[in-house]
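Visitor: Would you mind keeping the following structure in view while I ask a few things?
The values are calculated or read from the model by the stated rules, or taken from the named source; none is laboratory data. Predicted, not measured: the structure shown is a model, and the values here were computed from it. Cβ placement follows ideal geometry from the backbone for every residue including glycine, while neighbour counts extend to all protein chains displayed.
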Amino acid sequence: MYAGARSVTRRSFLGVAAGVAALLAGCGSQGEGAGGGEATKLNFCLDFSPNTNHTGVYVAQAKGYFADEGLEVQILQPGDGSAEQVIGSGEAQFGVSFQGHIANALTSQNPIPLTAIAAIIQHNTSGIMSLAEAGIKRPADLVGHTYGTWNLPVEQATMRAVVTKDGGDWDQVTLVPNETDDYLAAMQAGMYDAAWSYEGWEVQEALERGVDVNYWDFRSIDPTFDCYTPVIAGNDDYMAQNPEVTKAFLRAVKRGYELAAQSPDEAAQVLLDAVPELDEGLTRRSAAFLADKYIDDASSWGVIDGERWARFYRWLDENALVESPLDQNAGWTAEYMEA
């Protein structure tokens, strides 16, 4: 279960869906049902298997926050497609996406109609993890070592940028195809020395396993890479036709993530009750780590900083990492997020 989740997490952040087709079926609007009458039914699509990034949504469901807003929400997984396809088709009105993935959805030959409406985690928590014994404490230390790569353009452009900025020669890093999902096991087996990881999951997993690792994050090297990963996105047509439902949905989800920030162990229990196959120790450890990352230095949960968003999109555009010119201010809105 987790193996596939790990892989999709990174690939979603790196925006590998440049070639996905837009599914432009009807949005399945239930009408403006929030606030009275029969409950408005909504579908919410996860980006992959349930984990602590999704805790606030499960809390909103279990604690009745959706019901308080007159909503009935079904949580879906994307199956063989992507969350962006499911949202764009209207099969789900809302779901989890990533800033890089939205960039590709916007610039593909058949743009997918979705927009980010809230940041799930305020800052990018991804970086490079390695076994402590490898001595890779900063990007330049990768020189002379092996890096497990997915051979993706955005991934390798990011790696080249941070290694070069730190004074290292990216061409002196040996690239090894990353064909496993258990990075710790791969490093312990000597398959490669370092891998792109998320501090809230893989690093916490290493701690849970008692493995001594080094980790450095991308945003501490270059603020360009402090992008939004993950976000909540919505179907453009549905949100335009149902703004009050969209606001009600965000109010409920915001309450869920606020509880996850304030009471991580309680929130972890909600997630474990909903998804009992999750590893309890890792789930609780990850929930505790993310508690102060959901809001962090923002004024409240869900805030998206327009300049930070634009900075990453400028970099993608300048490095020709999207299919067509990218509007640096596109792909997100604060219209539905109430203070």
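Visitor: Can you tell me which residues in the range 170-201 are modelled with pLDDT under 95 and within 19 Å of ASP292 (Cβ to Cβ)?
Guide: TYR198, TRP201 - these are the residues of the range 170-201 that are modelled with pLDDT under 95 and within 19 Å of ASP292 (Cβ to Cβ).
Visitor: What are the pairs, 6+ residues apart or on separate chains, where a residue within the range 188-214 that is assigned by TED's automatic domain parsing to the domain that holds ARG138 and within 14 Å of ASN51 (Cα to Cα) has its Cβ under 8 Å from a residue that is surrounded by fewer than 22 Cβ atoms within 10 Å (Cβ to Cβ) and among the aromatic types (Phe, Trp, Tyr)?
Guide: The qualifying pairs are GLU199/TYR215; GLU199/PHE289; GLY200/PHE289; GLN204/PHE289.
Visitor: Looking at TYR147, TYR183, can you tell me which residue is in contact with a strand residue (DSSP E or B) (Cβ under 8 Å, 6 or more places away or on another chain) and closer than 24 Å to LEU316 by Cβ?
Guide: Details: TYR183 fails: closer than 24 Å to LEU316 by Cβ.
It is TYR147.
Visitor: For residues that are touching a residue at least 60 places away in the same chain (Cβ under 8 Å) and over 22 Å from ALA157 (Cα atoms), scanning just the range 296-329, find the one that is surrounded by the fewest Cβ atoms within 10 Å (Cβ to Cβ).
Guide: ASP297
This table checks each residue for (1) surrounded by fewer than 17 Cβ atoms within 10 Å (Cβ to Cβ); (2) hydroxyl-bearing (Ser, Thr, Tyr); (3) over 29 Å from ALA287 (Cβ atoms).
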position	(1), (2), (3)
LEU106	no, no, yes
ILE117	no, no, no
THR125	no, yes, no
MET187	no, no, no
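Visitor: Scan the range 166-180 and report the pairs whose first residue is within 22 Å of SER220 (Cα to Cα) and in the same structural domain as GLU155 (by TED's automatic domain parsing) and whose second residue is among the aromatic types (Phe, Trp, Tyr) and not in a helix (DSSP H, G or I), with Cβ atoms within less than 6 Å and a gap of 6+ or a chain change.
Guide: Pairs found: VAL173/TYR147.
Visitor: Is it the case, given these coordinates, that ASP141 is without any contact (Cβ under 8 Å) to a residue 40 or more places away in the chain and crowded, with 19+ Cβ neighbours inside 10 Å? Spell out the reasoning first.
Guide: Working: without any contact (Cβ under 8 Å) to a residue 40 or more places away in the chain: yes; crowded, with 19+ Cβ neighbours inside 10 Å: yes.
Answer is yes for this residue.
Visitor: Scan the range 204-221 for residues that are out of contact with any helix residue (DSSP H, G or I) (no Cβ under 6 Å at 6 or more places or on another chain) and closer than 25 Å to TRP309 by Cβ and jot them down.
Guide: Result: TRP216, ASP217, SER220.
Visitor: Still on this structure, I have one more. Restricting attention to the range 108-120, does a residue exist that is among the β-branched types (Val, Ile, Thr) and within 18 Å of TYR294 (Cα to Cα)? Lay out the reasoning, then the answer.
Guide: Our first condition is that a residue be among the β-branched types (Val, Ile, Thr); within the range 108-120, this holds for 112, 115, 117, 120.
Checking the rest, the ones that are also within 18 Å of TYR294 (Cα to Cα) come to 117, 120.
Among the residues of the range 108-120, at least one is among the β-branched types (Val, Ile, Thr) and within 18 Å of TYR294 (Cα to Cα), which makes the answer yes.
Visitor: A further question follows. Any idea which residue in the range 302-317 is modelled with the highest pLDDT, counting only those that are more than 23 Å from ALA291 (Cα to Cα) and of a type in the set (Asp, Glu)?
Guide: Going residue by residue through the range 302-317, those that are more than 23 Å from ALA291 (Cα to Cα) are 306-307, 310-317.
Among the residues that remain, those that are also of a type in the set (Asp, Glu) are: 307, 317.
On the way: GLU307: 98, ASP317: 95.
The selected residue is GLU307.
Visitor: Which condition number in (1) among the aliphatic types (A, V, I, L, M); (2) in contact (Cβ under 8 Å) with a residue 24 or more places away in the chain; (3) farther than 22 Å from ASN43 by Cβ is the one that ILE232 fails?
Guide: (3)
Visitor: Taking the range 142-178 on its own, how many of its residues are within 21 Å of the chain's Cα centre (by Cα) and within 26 Å of GLY210 (Cβ to Cβ)? Spell out how you get there, then give the answer.
Guide: Step one: list which residues in the range 142-178 are within 21 Å of the chain's Cα centre (by Cα), which gives 148-159, 162, 178.
Restricting the remaining residues to those that are within 26 Å of GLY210 (Cβ to Cβ) gives 148, 178.
The qualifying residues number 2.
Visitor: Given the condition over 27 Å from ALA206 (Cα atoms) and without any contact (Cβ under 8 Å) to a residue 12 or more places away in the chain, answer yes or no: does some residue in the range 82-95 qualify?
Guide: Taking the range 82-95 and keeping what is over 27 Å from ALA206 (Cα atoms), we get 82-95.
With without any contact (Cβ under 8 Å) to a residue 12 or more places away in the chain added as a condition, the list becomes none.
Among the residues of the range 82-95, not one is over 27 Å from ALA206 (Cα atoms) and without any contact (Cβ under 8 Å) to a residue 12 or more places away in the chain, which makes the answer no.
Visitor: Just to be sure before I move on: is GLU335 surrounded by 15 or more Cβ atoms within 10 Å (Cβ to Cβ), assigned to a loop (DSSP other than H, G, I, E, B) and not hydrophobic (A, V, I, L, M, F, W, C) in the structure I sent? Break it down stepwise before answering.
Guide: Values: surrounded by 15 or more Cβ atoms within 10 Å (Cβ to Cβ): no; assigned to a loop (DSSP other than H, G, I, E, B): yes; not hydrophobic (A, V, I, L, M, F, W, C): yes.
So GLU335 does not fit the description; no.
Visitor: Then there is this: Write out, first by first residue and then by second, each pair whose Cβ atoms fall under 8 Å of each other, whose residues are 6+ apart or on separate chains, and whose first residue, in the range 264-293, is among the acidic types (Asp, Glu) while the second is outside any helix (DSSP H, G or I).
Guide: The qualifying pairs are GLU277/MET1.
Visitor: Which of (1) closer than 20 Å to ASN124 by Cα; (2) not in a helix (DSSP H, G or I) is the odd one out, the single condition ASN151 does not satisfy?
Guide: Status for ASN151: all satisfied but (1).
Visitor: Taking THR229 as meeting all but one of (1) modelled with pLDDT under 95; (2) in a strand (DSSP E or B), write down the number of the exception.
Guide: The single condition THR229 does not satisfy is (2).
Visitor: Against the condition modelled with pLDDT of 95 or more and assigned by TED's automatic domain parsing to the domain that holds VAL270, how does THR9 come out, does it pass?
Guide: Values: modelled with pLDDT of 95 or more: no; assigned by TED's automatic domain parsing to the domain that holds VAL270: yes.
Spelling it out, it is not the case that THR9 is modelled with pLDDT of 95 or more and assigned by TED's automatic domain parsing to the domain that holds VAL270.
Visitor: Within the group ALA3, ALA60, which residue is modelled with pLDDT of 95 or more, in a helix (DSSP H, G or I) and over 14 Å from the mean Cα position of the chain (by Cα)? Quick ask: steps written out before the conclusion?
Guide: Numbers: ALA3 fails: modelled with pLDDT of 95 or more.
Unique residue meeting the criteria: ALA60.
Visitor: Which of the residues belonging to the range 289-312 are within 30 Å of GLU208 (Cα to Cα) and aliphatic (A, V, I, L, M)?
Guide: Within the range 289-312, LEU290, ALA291, ILE295, ALA298 qualify.
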